[in-house]
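Quick notes on the structure that follows.
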Amino acid sequence: MATKTQVKNGKSAASTKPGSTAKSATAKKTVVVTRSAPKSKSNGSESKFHKLFMDELKDIYWAEKALVKALGKMQKAATSEELVKAITDHQGQTKGHVERLEQVFELLGQEPKAKKCEAMSGLIAEGQEVVDDTEEDSAVRDAGIIICSQKIEHYEISAYGSLRTLANVMGHADAADIFSQTLSEEKDADSLLTQIAESSVNEEASAE
Ligand SMILES: [Fe+2]
Ligand SMILES: [Fe+2]
């Protein structure tokens, strides 16, 4: 992180904020190096980047495992046959997502470890709240379940898109391929939910 001022060729590296003029009254031709030597700097950045990648991996691993259970509950709470089938199918895919993440841990020579994903925990709690606040066997409840499920899919789409990018940058092409497969299933699940909402559930809910 550029927390310390680096001055080179009369420009200040700290003056990079949008709108800043990149001018420094103290710059002139002075060369001030406040960071450590390039070699240790590079190694330090690499390991921090790797730690970020591993933390994100542990986060989505926790999320996917939690989702296997949560999707089971949502499927039981849903009424529309189409929606029940979509959730059940995606629960099956989600079990596969957990296994794929375990493959990635293995590729990286690490034991699978989960780290609580506060965001997913919140999204799952929100889904439960919608079920608690709506009538059983109602299209309104189904509409609410779809909204919460799509929020969850969008979180996963962001997570896998970012993980794929990080894996590519770090040269883990095998892991990037695995993330791509899951990413594609998350996007399909999201599209199917939109289709179910727009083709039947929303209209039925508005008539209740
Ligand atoms: Fe997933
Ligand atoms: Fe998903």
Local electrostatic count, V130, Cβ distance below 11 Å [Lys/Arg +1, Asp/Glu -1]: -3
Rounded to the nearest percent, how much of the accessible area of the stretch 48-207 (1.4 Å probe, protein heavy atoms only) is carbon and sulfur? 48 percent
Quick one: order R100, R164 from most to least accessible surface, probe 1.4 Å. R164, R100
Among the aspartates and glutamates, which fall within straight-line cross-link reach of K187, defined as a Cα-Cα distance under 13 Å, with same-chain neighbours fewer than 8 residues apart omitted? E153, E156
Starting from the Cα of E106, move 7 Å in the Cα-to-Cβ direction to define the label point; list residues of the stretch 148-176 whose amide nitrogen is under 16 Å from there. 174-176
Calculated from backbone phi, Karplus (6.51, -1.76, 1.60) coupling profile of the stretch 154-160 in Hz, x at Gly/Pro: 5, 4, 5, 4, 5, 4, 6
Nearest 0.05, what FRET efficiency do D188 and S47 give at R0 = 25 Å with Cβ-Cβ as r? 0.10
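The values are calculated or read from the model by the stated rules, or taken from the named source; none is laboratory data. All values reported here derive from a predicted model rather than from experimental measurement. A quick note on method: Cβ atoms are made from the backbone with ideal geometry, for glycine too, and the neighbour counts reach across all protein chains shown. Surface accessibility is based on the protein's heavy atoms, side chains included, excluding ligands, DNA and RNA. Shrake-Rupley method; radii C 1.70, N 1.55, O 1.52, S 1.80 Å.
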